[in-house]
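**Q** My questions all concern the structure below.
The values are calculated or read from the model by the stated rules, or taken from the named source; none is laboratory data. Bear in mind the structure is a predicted one, so any value in this text is a computation, not a measurement. Neighbour counts are summed over all protein chains in view; Cβ atoms, including those assigned to glycine, are modelled from backbone coordinates with ideal geometry. Only protein heavy atoms, including side chains, enter the accessible area calculation; ligands, DNA and RNA are left aside. Shrake-Rupley method; radii C 1.70, N 1.55, O 1.52, S 1.80 Å.
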Amino acid sequence: MLWRNLNLESLQHETFDVCVIGGGSAGAGCALDAALRGMKVALIEKTDFAAETSGKSTKLVHGGVRYLEQAFRKLDFAQLNQVKHGLHERRFVLRNAPHLARPLALATPVFNWWSGIYYFLGLKLYDWFAPGKSGMPPGKWIGRRKLDTLFPGIDKRIHSAIVYYDGQLDDARYNLAIVQSAAQSGAVVANYIELQSFSSDNSGTITAAKVHDRQSGKVFSIHSKIFLNCTGPAADSIRLKANPVLNPVIRPSKGAHILVNMPQQGSPCALLIPKTSDNRVAFAIPFEGRMMIGTTDEPCDATENEPFTDEQDTSFLLDTINPFLEIKLTREHVTGGFAGLRPLVGVPDNSRHTRSVLRDHLVEFDERSGLVSLLGGKWTTYRLMAKDAIDLVAQKLNNSSVCSTENHLLWGAKGWTPDFYKKIQSEYEIDADVSQHLADKYGICAVLVAQIAKETPALGERLLPGLPFLKAEAAYAARCEMAMEIRDFLARRIRIELTDAGSSARMAPEVARIMGAELGWNEQEQNRRLQQYLSVLQNTFSNLTT
Ligand SMILES: Cc1cc2nc3c(=O)[nH]c(=O)nc-3n(C[C@H](O)[C@H](O)[C@H](O)COP(=O)(O)OP(=O)(O)OC[C@H]3O[C@@H](n4cnc5c(N)ncnc54)[C@H](O)[C@@H]3O)c2cc1C
């Protein structure tokens, strides 16, 4: 359970061992790791957990087949290490929250035998680099007929496909599960708390941070022995607040996705498109009943404004997928989309392109201010990134504790099995699609949502007919998951904003009413927040669907 008001009191009155700035996957991972080592931990997030990059990824838990190809083509051992790190971490991500992450079959379509041999050998190598007991079935080469059943609607010219396995996660909910686990282990966490500036002692070492509560408007200070910067694409701005002479190192790169309603029956299998027009790979991945197509990779200097999927991104992604489909997709099929900024570190060759910049991470200690920064990395390696950062924090604090996140089951995972939904279905007399959705998103905590629905029958209704989301989820999100805004619920707790912007807009008034009742918004406040949300939605999606 996340108790914001209680946590705000602690943030103002206690002194922490480490204050983590940024509640994406990196910051949440650090908070959990440090709390499990017995440190006194604060975690602050400017908006909502996973509101930035960590809620806008392609949602793959992977070593990166493309990096493997680049490693061999360029004999680049750094790329190879990165693939190994990813494949090593993949099994922990899947094992520690099996309700939120699972194996995903990906088919690489090929147009002839020769390409088939090339990709088959490549993917065998990828399997080979995965550590033993990776839990993934081995890759295989499948014929046309099998491909038709695996991915209905594939273009007739495609000869066959190489199928391999990686992981897929619900990134924002996984992020939240890490935050909840950190809180359960003693970390004091709060969203909508923005770091504004640091204050230092006579030697220049940071001792406190001035922060702004973006819900109440209050400004206060947090005292901590160490401050750990996990702000992803915004990391340079925090580094420069701590020490203005540091050189900026982050090269943000925008990646956009669209979500489409496939004309053919939905497939449980993803497509890896081996070569885009700008020499990268792209994916079409089933997500929440839609096909998610991504991504682009464009350098982007502005980290202040929220990135969104524009007209050009939509055209590029449709042009990328269409050669592989029998019925071509148009803008009419697009129901949602989102874009994020990759927090890439450094530039290898002074070019403007970010597609060849390494996705591995770096832990930096600034001698002058004492700020620790965790830079770069990817979702898949969040646990390893956190371990490296907290090892350094522990060393600075003379704390000899060791990392124990490898085998730490995350919030909602203990006791969960793939047929857990049957228990909720029979005990609470809930429809099969709803109980499956609740079990998959909340793990064993699905019973808490079901309990709310049982106690207040009006909250046991669906938010929209035909979709598995209950009104009780909005109440639960406000009560127990620190959802403070309508968007926190629609975009990050149930993900409907990403997959189906129209349904998100239709649900918003009821969500405003339910959350308002939980959080004490009067009618005027409910309306204000609703209009604000609808205008964000309009700005974000008007470019996408017109
Ligand atoms: C399009 C795209 C696709 C990707 N796909 C994959 C994938 O499939 N698999 C994979 O492994 N990786 C993927 N990645 C990479 C991965 O998503 C990122 O590396 C990871 O999510 C970064 O996490 P983070 O915590 O460092 O940054 P963020 O998630 O951006 O978190 C930083 C947080 O800091 C907060 N913050 C900023 N300033 C302040 C402040 N002043 N005070 C308090 N808080 C502040 C922000 O609000 C933000 O929530 C993808 C990235 C992108 C952009």
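**Q** Can you tell me which condition residue 251 does not meet? The list is (1) more than 14 Å from the ligand (Cβ to nearest atom); (2) at pLDDT below 95, and all the others hold.
**A** (1)
**Q** Of all residues in the range 239-254 being over 15 Å from residue 197 (Cβ atoms) and not in a loop (DSSP other than H, G, I, E, B), which is most open to solvent (accessible area, probe 1.4 Å)?
**A** 251
**Q** With the requirement that a residue be without any contact (Cβ under 8 Å) to a residue 40 or more places away in the chain, more than 28 Å from the chain's Cα centre (by Cα) and in a strand (DSSP E or B), what does the range 206-231 give you?
**A** Going through the range 206-231, the residues without any contact (Cβ under 8 Å) to a residue 40 or more places away in the chain turn out to be 207-208, 210, 212, 216-219.
Okay, now just the ones that are also more than 28 Å from the chain's Cα centre (by Cα), so 207-208, 218-219.
Selection gives 207, 208, 219.
**Q** Any residue in the range 502-513 that is free of Cβ contacts under 8 Å to residues at least 60 places away in the same chain, over 26 Å from residue 57 (Cα atoms) and open to solvent by less than 60 Å² (accessible area, probe 1.4 Å)?
**A** Taking every residue of the range 502-513 in turn, at least one turns out to be free of Cβ contacts under 8 Å to residues at least 60 places away in the same chain, over 26 Å from residue 57 (Cα atoms) and open to solvent by less than 60 Å² (accessible area, probe 1.4 Å).
**Q** If I go through the range 300-319 residue by residue, how many of them are closer than 25 Å to residue 249 by Cβ, buried (at least 18 other Cβ atoms within 10 Å of the Cβ) and more than 20 Å from the chain's Cα centre (by Cα)?
**A** 0
**Q** Considering 161, 130, which residue is at pLDDT below 95, of a type in the set (Gly, Ala, Ser) and more than 28 Å from residue 438 (Cβ to Cβ)? If you could, list the steps in order and put the result at the bottom.
**A** Values: 161 fails: at pLDDT below 95.
Answer to the selection: 130.
**Q** Please go through the range 255-269 and give me each residue that is under 24 Å from residue 310 (Cβ atoms) and open to solvent by less than 10 Å² (accessible area, probe 1.4 Å), ordered by number.
**A** Residues satisfying the conditions are 255, 256, 257, 258, 259, 260.
**Q** Something else: Does the range 393-414 include one or more residues that are outside the structural domain of residue 432 (by TED's automatic domain parsing), more than 16 Å from the ligand (Cβ to nearest atom), modelled with pLDDT of 95 or more and among the aromatic types (Phe, Trp, Tyr)?
**A** Yes, some residue in the range 393-414 is outside the structural domain of residue 432 (by TED's automatic domain parsing), more than 16 Å from the ligand (Cβ to nearest atom), modelled with pLDDT of 95 or more and among the aromatic types (Phe, Trp, Tyr).
**Q** Before we move on, is residue 199 surrounded by fewer than 20 Cβ atoms within 10 Å (Cβ to Cβ) and of a type in the set (Ser, Thr, Tyr)? Don't jump to the end; show me each part of the working.
**A** Numbers: surrounded by fewer than 20 Cβ atoms within 10 Å (Cβ to Cβ): yes; of a type in the set (Ser, Thr, Tyr): yes.
When the stated conditions are applied, residue 199 passes them.
**Q** Also, quick follow-up: If we keep just the residues of the range 280-299 that are buried (at least 20 other Cβ atoms within 10 Å of the Cβ) and among the small types (Gly, Ala, Ser), which is farthest from the ligand (Cβ to nearest atom)?
**A** If we take residues in the range 280-299 being buried (at least 20 other Cβ atoms within 10 Å of the Cβ) and among the small types (Gly, Ala, Ser), then 284 is farthest from the ligand (Cβ to nearest atom).
**Q** All but one of (1) surrounded by fewer than 24 Cβ atoms within 10 Å (Cβ to Cβ); (2) under 24 Å from the mean Cα position of the chain (by Cα); (3) assigned to a helix (DSSP H, G or I) hold for residue 491; which doesn't?
**A** For residue 491, the exception is condition (1).
**Q** Collect the residues in the range 360-388 that are among the small types (Gly, Ala, Ser) and more than 21 Å from the chain's Cα centre (by Cα), keeping them in residue-number order. Spell out the reasoning first.
**A** Taking the range 360-388 first, the residues among the small types (Gly, Ala, Ser) are 369-370, 373, 376-377, 386.
Across the range 360-388, the qualifying residues are 369, 370.
**Q** Take residues that are open to solvent by 60 Å² or more (accessible area, probe 1.4 Å) and within 30 Å of residue 365 (Cβ to Cβ) and tell me which of the helices (runs of 4 or more DSSP H) falling wholly in the range 375-481 contain 1 or more.
**A** Working: elements: 382-396, 420-428, 432-442, 446-455, 471-480.
Hits in the range 375-481: 382-396.
**Q** Conditions: (1) of a type outside the set (Gly, Ala, Ser); (2) outside any helix (DSSP H, G or I); (3) open to solvent by 10 Å² or more (accessible area, probe 1.4 Å). Residue 525 meets all but one. Number of the miss?
**A** Only one criterion is unmet by residue 525, namely (2).
**Q** What residue, among those in the range 12-30 that are more than 21 Å from the chain's Cα centre (by Cα) and buried (at least 24 other Cβ atoms within 10 Å of the Cβ), is nearest to the ligand (Cβ to nearest atom)? Before you say what the answer is, go through the steps one by one.
**A** Taking the range 12-30 as the starting set, the residues that turn out to be more than 21 Å from the chain's Cα centre (by Cα) are 12-19.
The next check asks that each one be buried (at least 24 other Cβ atoms within 10 Å of the Cβ); those that pass are 18-19.
On the way: 18: 15, 19: 10 Å.
Per the criteria, the residue is 19.
**Q** Just wondering, is there one or more residues in the range 348-371 that are of a type in the set (Gly, Ala, Ser), more than 15 Å from the ligand (Cβ to nearest atom) and at pLDDT 95 or above?
**A** So the first thing to find is which residues in the range 348-371 are of a type in the set (Gly, Ala, Ser), and the list is 351, 356, 369-370.
With more than 15 Å from the ligand (Cβ to nearest atom) added as a condition, the list becomes 351, 356, 369-370.
Restricting the remaining residues to those that are at pLDDT 95 or above gives 369-370.
Within the range 348-371, one or more residues are of a type in the set (Gly, Ala, Ser), more than 15 Å from the ligand (Cβ to nearest atom) and at pLDDT 95 or above.
**Q** Then there is this: Considering only residues of the range 31-70 that are more than 14 Å from the ligand (Cβ to nearest atom) and under 17 Å from residue 411 (Cβ atoms), which is most open to solvent (accessible area, probe 1.4 Å)?
**A** Initial filter on the range 31-70 (more than 14 Å from the ligand (Cβ to nearest atom)): 34-41, 68-70.
Among the residues that remain, those that are also under 17 Å from residue 411 (Cβ atoms) are: 34-36, 41.
Numbers: 34: 0, 35: 8, 36: 51, 41: 1 Å².
Ranking the qualifying residues of the range 31-70, first place goes to 36.
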